[in-house]
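Beneath this line is the structure, given in structure tokens, with notes to follow.
The values are calculated or read from the model by the stated rules, or taken from the named source; none is laboratory data. Because the structure is a prediction, the values reported are computed rather than measured. Every residue, glycine among them, receives a Cβ derived from its backbone with ideal geometry; neighbour counts consider all protein chains shown. Note: accessible area is taken over every heavy atom of the protein model, side chains too, but ligands, DNA and RNA are not part of it. Shrake-Rupley method; radii C 1.70, N 1.55, O 1.52, S 1.80 Å.
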Amino acid sequence: MGLFGLFLEFLEGKCYKKPMSETPKKPSKNDPLTILMKESDAYNHLDQIEKYVEGGQDLSVLPVQPVYLALRKLPLDKVAEYLPKFSKEQREVFMDIDLWQKDEIDVEHFTYWLQAYSLVEDEAVRTDFVTSEQFLLFLKSRFNVWSFDVEDPNYPDHDNYFLTDDNQLLFEFDETFPYVDEVRSLIRHIYYELGVENAYAFLFKMVSDSFSILQEEEYQLRKERMRDYGFVDYIDALEAENPFINIDFLNLFIQKKTAATGSIDEVSKNQNLHNSSLVAFKDHFKKVIDELLKVSDQKRADFLQFNFVRLINARLESQGSLKKGSVAMTRTGSQTKNLILLGFNYIKSTDYLKETPEEGLFTLFSFSDLYKIGNSLIKFNLKDLKKALAAHGFEGDKETFLGDYWSDFLDNSFDTPTKFHAPKDDSPKTIIEFEEYQMWLYKTKTLMALMPFASKFYETLTTLKEEGRLMDSYYLNYTVDDINFESLLLSNFANFYLSSFNENPSQNNGAKLGLTIDEYKAFSQGVVSPSEGKFILTPELFKKIQKFSETYGLNQVFDFNNYLQDLLKSQMEGYDIDSMSDEDFKHVGGPIILTVVKH
């Protein structure tokens, strides 16, 4: 039975006599992730901690992260009452969480503990706080501290300061700081507990030591203190976001993966996560849970559980979600789940892993491994996409020239999480399945191959605009500023389809920029079924698309024919052409319509 099982028994009116460390851990019928989620639910209500305290139980066996978040929601007097029931190590981690925001000092959040410890009655616990490196670093960050000589006093030119009781140090603060009395009281406690000489020596570090050195030393100490409790510092959290070098290295990693299971101590085994970061894992995660159930080795199960805790905490740290609240934590948990699923599905759907162990993928791979694979797959493609967009200048407002089809694709691609809108779906979906990932790659490949053509169209259009050869009055369904790659491409294809080019090269005056209304109707009848109003790919149309792509070198573009078919479907469907007046054609999409018969 795990720690939370004991906790839940207590809430049900039962009790136990042995602490967790004396209770042997037996293999569980559940997978480690399901156990985490069930036990995490025990912290949905703040009064549960109070019930635990009222039963006279020691809180030192409880996991730090969910307890920290529960404490932050309690009144300060309750927090002061509960703090002595935690271990010194737990209290240090509570302070460590709030003293830092990423890799910088967060003085505003740390003032919470300043207020809480000012109310603590236990002298030993208060001493632990005031003599901690965290408190010292907070003072160094929030106050200017100076040596003071009574015989040659040098006071600031304002009243925002106080002297220590021995008159040897002067603390200068900003007038907006509201907790001066609490700080003075805690500093007096240092003198009371340590004596004047030792207290002065301790506080003098703020005068003698460089802030940057003190900050770096404390950051490293914090990193080590928090490790066993499942937390990850900001620098390591950022490293966890780094992808593999390239897809070849990723695939080689899968091919060469061997089992590696570290030993997890009892403190680490007891760690858990707040329910908010686990909500997403309760749905659409069955395939991973089923794979976890194949793990029978308890040591491996313990390792995987702690690895999962550290992965989520790393993600919360890199996103700053822990201090932003439950909504941000839920969002981070959901994003993490999606990338784990993508990594899992990639391994399952490819043949890079030659042989799957009898006890499943988790015999070889950890949650961190799956996350890194999924994260890398997304980042590889986004990197290529960004590079291509920058190379052809399709950034900012110019990106809209590509048209709605690609604008939607790019919006979904750069959304968080990354999404893809498959033709069979009514709306975009987060990329978690291998099939979705492949389709996304294919569309990216098409777009990148189209960019040189789109760039040339843009340059030509811009030149015509600058020369004053285009006017809004020439066109019925577009303004000059609204003309984009899609409308130009469809206009060219429509003219090609209707044989609008002069077949005699010597008499070829170039392609028209659009169609007449009659030509638009004729073109529509060729690509849309008159009876159903739906796009229909006839053998004749297929041949025209093929010929068009070959004529203009567009057959070099990956999957161009399908792209053009998607455009025709999205732009030409939905109109009752036969019953429309000339005025109605102002509102249609697709090819450009000219306002005169000949232009």
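If each DSSP helix of 4+ residues adds -39,500 (n - 2.57) and the sum is divided by the residues in the chain, what number results at 222 nm, nearest 500 deg cm²/dmol? Working shown, then result.
Numbers: 25 runs with 320 residues, N = 599.
Result for the chain: -17000 deg cm²/dmol, rounded to the nearest 500.
Taking the Cα centre of the chain as origin, sum charge times position over the Cβ atoms of Lys and Arg (+1) and Asp and Glu (-1), and report the length of that vector in debye to the nearest 20.
Numbers: 65 positive and 97 negative charges, 562 e Å.
For the chain, the charge dipole is close to 2700 debye.
This model, with +1 at the C-beta of Lys and Arg and -1 at the C-beta of Asp and Glu, gives the range 261-404 a dipole about its Cα centre of some 340 debye. Taking the inverse of the mean reciprocal distance over all distinct Cα pairs, the Kirkwood hydrodynamic radius of the range 58-228 comes to 16.8 Å.
Taking the convex hull of the Cα atoms, report for the range 439-505 its projected area averaged over all directions, in nm². Write down the numbers at each step before the final one.
Values: hull surface 25.9 nm².
For the range 439-505, averaging the hull's shadow over all directions gives 6.5 nm².
Across the chain, the relative contact order, built from alpha-carbon pairs under 8 Å that are at least six residues apart, equals 11 percent. For the range 144-277, the relative contact order is 16 percent, taking Cα pairs closer than 8 Å that sit 6 or more residues apart in sequence and dividing their mean separation by the residue count. In this structure residue 152 has an accessible area near 110 Å², from a 1.4 Å probe over the protein heavy atoms.
Assuming R0 = 56 Å, what is the FRET efficiency of residue 242 and residue 521, from their Cβ-Cβ distance, to the nearest 0.05? Once the sixth-power term is evaluated, E becomes 0.50. Which residues does a label at residue 529 reach in the range 549-578, if reach means a backbone N under 19 Å from a point 7 Å past the Cα toward the Cβ? Those under the cut-off are 565-578. For the pair residue 550 and residue 581, a Förster radius of 35 Å applied to the C-beta separation gives a FRET efficiency near 0.40, rounded to the nearest 0.05. Between the listed residues 226, 116, 130, the Cα displaced farthest toward the positive end of the dipole of the chain, a dipole computed from Cβ unit charges relative to the Cα centre, is found at 226.
Given a 1.4 angstrom probe, I'd like the percentage of the accessible area of the range 182-322 that is carbon and sulfur, rounded to a whole number.
Working: 3460 of 6490 Å².
Carbon and sulfur atoms account for 53 percent of the accessible area of the range 182-322.
Normalising the average separation of contacting C-alpha pairs (under 8 angstrom, six or more residues apart) by the number of residues puts the relative contact order of the range 95-166 at 25 percent. Taking chymotrypsin sites (Phe, Trp or Tyr not before Pro) across the range 53-129, none is in a DSSP loop with at most 10 further Cβ atoms lying within 10 angstrom of its Cβ.
Shape call for the range 276-321 from the C-alpha gyration tensor, a ≥ b ≥ c root eigenvalues: rounded (a/c under 1.5), prolate (a/b greater than b/c) or oblate? The shape class here is oblate. In the range 330-454, taking the dipole from charged Cβ atoms about the Cα centre, the farthest positive-side position among 344, 439, 449 is held by 449.
How much area per residue is accessible in the chain when the probe is 1.4 Å and only protein heavy atoms are counted (Å²)?
Numbers: 28810 Å² over 599 residues.
Roughly 48 Å² per residue, with all protein chains present.
Of the listed pairs 102/383; 223/348; 223/379; 387/465, which have alpha-carbon separations greater than 32 Å here?
On the way: 102/383 25 Å; 223/348 35 Å; 223/379 28 Å; 387/465 28 Å.
Too far apart for the 32 Å limit: 223/348.
Between residue 326 and residue 479, the simple spin-label model (points 7 angstrom out along Cα→Cβ) gives 4.7 nm. Take every Cα-Cα pair in the range 467-587 and report what % of them are more than 23 Å apart. Tail of the P(r) past 23 Å holds 33 percent of the pairs.
Only Cα sites of the range 234-379 enter the Debye sum here, all with the same form factor; the resulting log10 I(q)/I(0) across q = 0.15 1/Å is -0.78, listed in q order. Residue 314 sits among other residues whose Cβ lies under 10 Å from its own Cβ, and their net charge, with Lys and Arg +1 and Asp and Glu -1, is -3. Under 16 Å of direct C-alpha separation, and excluding same-chain neighbours fewer than eight residues apart, residue 521 reaches these aspartates and glutamates: 532, 573, 576, 578, 582, 583, 584. Using every pair of alpha-carbon atoms in the chain, split the distances into 10 Å bins beginning at 0 and state the percent of pairs per bin, rounded to integers. Percent of Cα pairs in each bin: 3, 13, 18, 16, 14, 13, 11, 7, 4, 1, 0. Above 21 angstrom, tally the Cα pairs of the range 208-279 and express them as a % of all pairs, no decimals. The calculated P(r) of the range 208-279 puts 56 percent of pairs beyond 21 Å.
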